[in-house]
Amino acid sequence: MKYLFFNSIRGRLIFWFSIIFAASFIVYTVISYVQMRDEILDREKAKLESIRDLKVREIDSWIDKIAGDMRTLISTEEIKVTGHNLCIGSPVGKKESQSLVRLLDSYINNYNIYYEIFIVSAFSSTIVYSTSSDNVGQERLNNAYISETLKANDIFIKDIYYSRNLNVPTMTFSIPLSPARYYDTRPAGVLVARIYLERSLYNFLLDRTGLGGTGETMIINSSLTALNRLREYDGFPLTLKVKDEASIQALAGKSGVLECSDYRGEKVLAAFRHIPRLKWGFVAKQDIHELLSPIYSMVAQKILILMFIMGAFFLVGFFLSRDITEQINSLIAVSNRIRSGDYSFRIMTSRDDEFSRLSESFNKMADLIISQLNIQKASSEIIHVMVSTLNQDEFSRNVLRKLVETTESIIGAFYILTRDGNEFKHLTSIGLDIDAMETFHAESLEGEFGRALATREIAKTRNISLQSLVKLRTIVGDVVPTEIMTIPIIVNNRTVAIISLASLKEYDPEAMTILESIRPVMNTAFANIISDEETRRLARELSDKNQLLMNQKTELETQAMELTRQRDTVRKQNRELEQQRVKVEEASRLKNEFLSNMSHELRTPLNSIMALSRVLIMQTKEKLDEEERGYLEIIDRNGGKLLALINDILDLSKIESGRIDLKIREISIESILRVIVDNLEQMAEEKGIKIVIAADEDLPRVESDESRIYQILQNIIGNAVKFTEQGAVTVTVTKRDEEVIVAIEDTGIGIAETDLPHIFEEFRQVDGTLSRKYSGTGLGLTIASKSALLISSKIEVESSPGIGSCFRVIIPVAWREPELAAVNGSVTVLNKEQEQAKILAGVPDTGRLTGTAGNAMGSVYGRKTVLVVDDDHDNIIVVQAVLQSQYEILYAYDGQEAMDLIMKERPDVILLDMSLPGKSGFVVVKELKTNDRTRRVPVIALTAMTMTGDRERILRAGCDDYIPKPYNIDELKKKIAYWMELTT
């Protein structure tokens, strides 16, 4: 920058005048250029957007035209019937064949956009007819226009590609043939049209009207390949990869206009847009330099104007600077005298202009410098006295003496605020009678000190007359001062001391300036003195407290040792508790494992007992007498009781362990009651009693778990029927506030008052002896009570022996989360959608049946085939007995044997036990569902795995359905029939 400074003002004026003008002119030129550029680019953007939208509409119209032709063709009788027969291999008459040829040849001849139209069979994937006869019989198995068209069942447009047969770029439109007969469920073939791009798409892309000499349009596919011929690219279409920003934005689904570099590296203005139907990007662009060419001549003209005006400015600056420098040089000579220390020299001038006023300013500046030097010297001396003192007494004496000397005062006094902050007391003075000095109150704002205390600024009292009451008693007599100055000393925003000075003449202005300049230092210095004295006092107190803390430290160390001992004890107890927790969790795991195994081992033989007894009842209806049939019914009935007992024990275990899934939905209490009453109606009729339901009108539906409510009401109403020998069981349903109350009142044996507190305990019965009249395990009310807690409900009971009992179940209308204290473990609450998601979560799509299984067993045995996979021979015998009249039964005893048999025989339905030796049912179903040959064979889990979560785990593994053992024969038959029908 040093080269921009000149030795004379003249040079600087000329230089900066020229620079300022040139800069202004350049800024104006640049702004004009930018404005013109923006206007041109805005106009060109609008033009390119119009061209882009027009071309995209032409492409859409072109696609719609071809799609319309394709839809028209497949609706013709020639394509619909003749084409269908060709695809399925049926014979076609000569007349029909000629009609098809005329139809397709007319499209080739009349519309020059088609290269070839041909039909491909969906069964053989070969061309069964083509307008180019050389292609008939060629295979098109892996072509996307076949597979994708059949998959979408609609028009499919294959992207532009290079055809080796045609030696040109082309693209295809394909559409599935409409079924010729009402019972056809899938298209027999695909109609394909190969497009002549040079006569259609490429032709209107080459129309560059409005794009100047450098503009062009371009289409790009999803791999950023240019699909059409370009102005500056000599290569063939489909051989150029583009990476410009406009193409990338267009393929990303965006639309707009931007400046970027094109495939040549040239800056262009590009309008882009996405064509979603073809997944193409479309770009219309034109070179920036062509668009901005009108601006360049304007810039050249402005440069010539700049050079001319700069010359004029040079001449004006030369003559103006010469007059100014002559007067400035005279001022430089005077300023050098003042700089050398001759402050007495003054400038004399006779002119009445700016230079005359500048000379007067020089003279005043010299006077001010002399005054400032005097003030600075006096202030420095006073400050030196302040900072060299160590206590309040020394500070007050030395500072007061120096102030009296500097301000030429006749007397001075120093007052300090007492420790209690109430009064200012005299500390030291000069020229005053000490015996006459009095204290004054800190809150008093009167007298010469009042204004200083109120404003916390230096207060000056002037023009005191001789008749004034203000008189100062000195050591030589009373004196009436002319002026008094009161100086407050401020520490922490509080006046802590006051200095008073008095003079028999007016104070010089310099004195006031000196006092104002030293006052901040005075406040700080006095604050430091106060702080030092306070620090020394605190140090003494701290020493005393340190000794006290040493004594407390010793006591705390003793307490710390005791706390350490207690901490070690707590850690030991925590380790013992952790070991106990691990043992409890292991015991819980073993209990659940035992219950699962017990459930499986009990349900498996019980399944055989119940199923075979039911088979015998059905098959020997006409062969056995009534007594023999009664024996079988006893077996079947007691099997059901044993199953109910097993379910009760497992339910109780699930509730106590917290392994319960609650399925929350809106349910009707009245509907549940009617189902329960229907189930108990026969039992009630046999005993000669009635079951009556009385429900309020407009009962609300409640949000709760339907199975839990059914279980609670079933157990209570069942007990009421069981323990009532005569009379009736009345069920009343009412609404109270936000609750539904179900009251079950019977005329049975009743419950003693001493037994009422225990009726909800496990295995508790009023009569628990072996000779008791009423059978049962005593789990019903226990399960009902615990289930009620799970759904935030309550059970109340009133009873009198010999009169009857009344149980009231109180159910909230809106779902409430159960209290943690009411249940053990954790309870999972699912709504309807969450329940479905849990069941189907993770189920592979390939394991679900969506079409025919392709089974060939029907042609071998003449009947549908069921494969039973179970390691228990008795279970296989049961299934054979149940199903052999309807189906052919195959069986296998382990997983590997089952897989071999499935691969060999291909059964229609598989009944699979999940607990198999060697290869488990879970492994078997996984292998079946991942094998293309067997993935569509229905697999029904027929298992004794009925613990919480087993059903969901089995369905996630890939099974299509789930039936727990012991099973209901009718349910088994219905589910097999359902899956047989689904796979037919």
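Worth a mention:
- Portion, in percent, of the accessible area of the stretch 133-249 that falls on carbon or sulfur, probe 1.4 Å: 45 percent
- With a Förster radius of 30 Å applied to the beta-carbon distance between GLN547 and ARG567, the computed FRET efficiency rounds to 0.45.
- Accessible solvent surface per residue of the stretch 661-812, calculated while the other protein chains remain in place, 1.4 angstrom probe, Å²: 49 Å²
- Calculated accessible area for the stretch 82-225 comes out at 47 Å² per residue, all protein chains present (probe 1.4 Å; ligands, DNA, RNA ignored).
- Radius 14 Å from Cβ of ARG575, net charge of other residues (Lys, Arg +1; Asp, Glu -1): +2
- Computed with a 1.4 Å probe over protein heavy atoms only, the accessible surface of the stretch 865-983 comes to 38 Å² per residue.
- Fraction of accessible area attributable to carbon and sulfur, the stretch 373-545 (%, probe 1.4 Å): 49 percent
- ³J(HN,Hα), Karplus 6.51/-1.76/1.60, whole Hz, each residue of the stretch 392-397, x for Gly, Pro: 5, 4, 5, 4, 5, 5
- Heavy atoms of HIS384 accessible to a 1.4 Å probe, total area in Å² rounded to 10: 120 Å²
- Unsatisfied cross-links (Cα-Cα over 29 Å) in the set LYS377/LYS505; LYS735/LYS786; LYS583/LYS663; LYS735/LYS965; LYS786/LYS973: LYS583/LYS663; LYS735/LYS965; LYS786/LYS973
- Mean separation of Cα pairs under 8 Å and 6 or more residues apart, divided by the residue count, gives the stretch 865-983 a relative contact order of 23 percent.
The values are calculated or read from the model by the stated rules, or taken from the named source; none is laboratory data. Remember, predicted model here, so these are calculated numbers, not experimental data. No Cβ is skipped: glycine too gets one built from the backbone with ideal geometry, and neighbour counts run over all protein chains shown. SASA here: full protein model, heavy atoms, side chains in, ligands and nucleic acids out. Shrake-Rupley method; radii C 1.70, N 1.55, O 1.52, S 1.80 Å.
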